[in-house]
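What follows is a short report on a single structure.
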Amino acid sequence: MKKVLRHLLVFSALAAFIISLTGCGSLLPVRTKQDVEDLTALEEIKGPEIDYAAALKDGAAVMTVDGERTVKVVGIGEMDIHSGKVIACDPLVFFDAKPFSQNIIPGTYPVKLALIEVNGTRRNALAAIVFSEKPSVRWENAKPDETAQESEENEIFAYGVDSGTGSFLDSESGREFLQLLEKDTPAAKTLNDQILAELDKKRKTTGVDWAKVTVPGIKGSFFIFGSGEGDGAYASYFGFDESGNVTMLVTDFGIISSLVQ
């Protein structure tokens, strides 16, 4: 078991008005900054104890707290990473999220979700960007630059979720996207409503919470998806091949405990 970094998260009053995607349309309660910091100040969190590449295979057998389940993998589009760095965060609440330190070769890469059925509903267990089809032989916790420099090797960085959503954003255009959402303007409200409407549409038509969002004037697309266990703190990991090249980025939403051998 490994400690989670107690990283600073800035809470916006906008969170009080965002519809909780895991609460069937209920409003999020008003929370203080301390409430939000406590959300990710967990005492312990598990490191990468499973092979995420194997778990991201359609039909993979995995264990959850509810017993053995079968993974359904869906592709949700291609992501343009033109800056060479990625942000993973709750895009509806934490607007100051920083990019991970790992450099990526700029390009367009597929985004996938690993789904698990729990109590008759599909949940996003893993979200991944696939950079290479080469086998992943090791995994490293994804951390922002400042966190990576200050943290100890055994500390795990996990981003906080307070709206039931996670995301993958290009570093440069993602900052523009988050800054727009943070503003108390009609444009920000329109974008927020667009995201929620698209998530709701996908949930009703496919049974899966995700949205590919584009914004006029901002380059690229933004991938937003339901965080499988709802609000909490979720770690991401980079996979590497035997030559040390990055193969994928995976966010673990805490549903899969192990692979069935």
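So the values come out like this:
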{"quantity": "Average Cα contact separation per residue, region 73-121, under 8 Å, 6 or more apart, as relative contact order %", "calculated": "54"}
{"quantity": "³J(HN,Hα) computed for each position of region 210-220 - Karplus, 6.51 cos²θ - 1.76 cosθ + 1.60, integer Hz, glycine/proline x", "calculated": "6, 8, 9, 10, 10, 10, x, x, 10, 5, x"}
{"quantity": "Translational diffusion coefficient (Stokes-Einstein; Kirkwood radius from C-alpha pairs) of region 88-150 at 25 °C, 0.890 mPa s, in µm²/s", "calculated": "168"}
{"quantity": "Cβ crowding within 10 Å averaged over residues, with 202-208, 167-173 ranked highest first", "calculated": "167-173, 202-208"}
{"quantity": "For region 48-112 and region 200-256, distance of Cα centres in Å", "calculated": "5"}
{"quantity": "Full-extension gain in nm, Ser132 to Thr205, via 0.36 nm per residue minus C-alpha separation", "calculated": "23.3 nm"}
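Each reported figure results from applying straightforward, stated rules to the coordinates on display, with no laboratory input. The structure presented is a predicted model; accordingly, all values stated were derived computationally and were not measured. Neighbour counts run over all protein chains shown; Cβ positions are idealised from the backbone, glycine included.
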